[in-house]
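See below for the structure under consideration.
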Amino acid sequence: MYQTEIKRIGKDAKAFEAEKMIILFGDNAPNELVDFCYIIDIKQVENEITESNKLSIDGIEYQITKVGSAVKKNLNDLGHITLKFDGSTVAEQSGSLYLENKPLVNIEVGTKIEIK
């Protein structure tokens, strides 16, 4: 349904991991944000993303608990969403994908991200 990989990591991107979140952005990330982002290839999402899907980071699966209303459009247009690993069932931000509250795996250049 969706697959991409981390191409570059901004120098301050890992700072948000303490807040249980990571920010994805395509190559077009604005200069003022690029240091805080994990840069990915912009790929098209084939179907609607719902809470019945899972997000996988290098094969480690996370249940999707809520999908912000702009997630699919933002991924398709900008490669830009925030992944929040807090188990939230309310989408407080339209561009966020909320995932189960469990430890985040180490993310490096080449890490594969999939939605299935």
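What follows is calculated from the coordinates using simple rules that are stated; it is not laboratory data. Being a predicted model, the structure only gives us computed values, none of them experimental. A quick note on method: Cβ atoms are made from the backbone with ideal geometry, for glycine too, and the neighbour counts reach across all protein chains shown.
Of note:
- Summed side-chain charge close to Lys116 - residues other than Lys116 whose Cβ falls under 9 Å, Lys, Arg +1, Asp, Glu -1: -1
- Residue separation of Asp41 and Lys54 scaled by 0.36 nm, minus their Cα-Cα distance, works out to 2.7 nm of gained length.
- Every helix of 4 or more DSSP H residues in the chain counts as -39500 (n - 2.57), and over all residues that averages to -2500 deg cm²/dmol at 222 nm.
- Over all other residues within a Cβ to Cβ distance under 12 Å of Thr89, the charged ones net out to -2, with Lys and Arg as +1 and Asp and Glu as -1.
- Between Asn31, Asn53, Asn74, the Gaussian network model of the chain with springs among Cα atoms under 10 angstrom shows the greatest mean-square fluctuation at Asn31.
- Rounded to the nearest whole Hz, the Karplus-based 3J(HN,Hα) values (6.51 cos²θ - 1.76 cosθ + 1.60, θ = phi - 60°) of the range 98-112 follow the sequence 9, 10, 4, 7, 8, x, 7, 6, 5, 10, 9, 4, x, 4, 9, with x at glycine and proline.
- Where the alpha-carbon atoms of the chain are placed on the principal axes, they occupy 33, 28, 27 Å, in descending order.
- Within the range 2-115, percent of DSSP bridges classed antiparallel, to nearest 5: 80
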